[in-house]
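All of the numbers you see were taken from the coordinates with simple rules; none came from a lab. Here the structure is a predicted model, which means the values were calculated and not measured. Ideal geometry is used to build each Cβ from the backbone, glycine not excepted, and the neighbour counts take in all protein chains shown.
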Amino acid sequence: MSIIQTLMRPAKLAIRGLDYISPLADLGIRLYVADIFWKSGLTKIASWDSTVYLFANLYNVPYLSPEVAAASSTAVELGGAVLLAVGLASRFGTAALFILNIVAVISYPDLSDAGRQNHVYWGMLLLIFLLHGPGKLSIDHFIRKKLMG
């Protein structure tokens, strides 16, 4: 056995191990990001009058009334979070959350640097799922496997 083959054996094992646990990492990250948007949506519902007030007086969302903007963002946060968490129509839900994340940063001019940085992180994580899909531990993967053989 050559030295290259000897060195490749542990590398192959390591790669196989990483491939084996990567679906768990995908799921964990999906649940982490979904939880952020889920909690934000629940906060909006819990104090609806305050939410509408914020959309009327603080957030600068163009073209929409404060009521429509508040209801739309809440629906996207809650619905997108569920779709992302379970991995069902996850690219659709992720796209909606990704766009909402961008609108949130643009529409709130007083967002702190730390808050802006959080939105950048969330956006990058959402972009991964938008481009690569939700991973093997998802309803989308199960459906795709059944439909495509």
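Taking the chain as the reference, fit the longest principal axis to its C-alpha atoms, fit the long axis of helix 48-57 to the helix C-alpha atoms, and give the angle between the two in degrees, 0 to 90, nearest 10.
80 degrees
If each residue's Cβ is checked for other Cβ atoms within 10 Å, how do 59, 53, 20 rank with the fewest at the top?
Listing 59, 53, 20 from fewest to most nearby Cβ atoms yields 20, 53, 59.
Output ³J(HN,Hα) for region 39-45: one whole-Hz value per residue in order, computed from phi by the Karplus curve 6.51 cos²θ - 1.76 cosθ + 1.60 with θ = phi - 60°, and x for Gly and Pro.
After applying 6.51 cos²θ - 1.76 cosθ + 1.60, I find 5, 5, x, 5, 4, 4, 5 Hz.
Among 16, 91, 30, which one shows the highest mean-square fluctuation when the chain is modelled as a Gaussian network with alpha-carbon springs under 10 Å?
16
What FRET efficiency would be calculated for the residue pair residue 48, residue 139, taking the C-beta separation as r and a Förster radius of 25 Å, to the nearest 0.05? Spell out each step's value before the answer.
On the way: r = 31 Å, r/R0 = 1.23.
So, using R0 = 25 Å, E works out to roughly 0.25.
How are the Cα pair distances of the chain distributed, in percent, across 10 Å bins from 0?
Binned Cα distances yield the sequence 11, 33, 27, 15, 8, 4, 2, 0.
Using a basic spin-label model with each label point 7 Å from the Cα along Cα→Cβ, how many nm lie between residue 7 and residue 22?
2.3 nm
Give, rounded to the nearest 20 debye, the magnitude of the charge dipole that region 1-144 has about its Cα centre when Lys and Arg contribute +1 at Cβ and Asp and Glu contribute -1 at Cβ.
Dipole about the Cα centre, nearest 20: 720 debye.
Hey, how many Å between the Cα centroid of region 70-101 and the Cα centroid of region 6-22?
Here the answer is 35 Å between Cα centres.
Tell me the angle of helix 66-86 to the major Cα principal axis of the chain, expressed in degrees between 0 and 90 and rounded to the nearest ten.
Roughly 20 degrees between the two axes.
Over the chain, calculate the relative contact order: mean separation of alpha carbon pairs under 8 Å at least 6 apart, over the residue count, as a percent.
So the answer I get is 26 percent.
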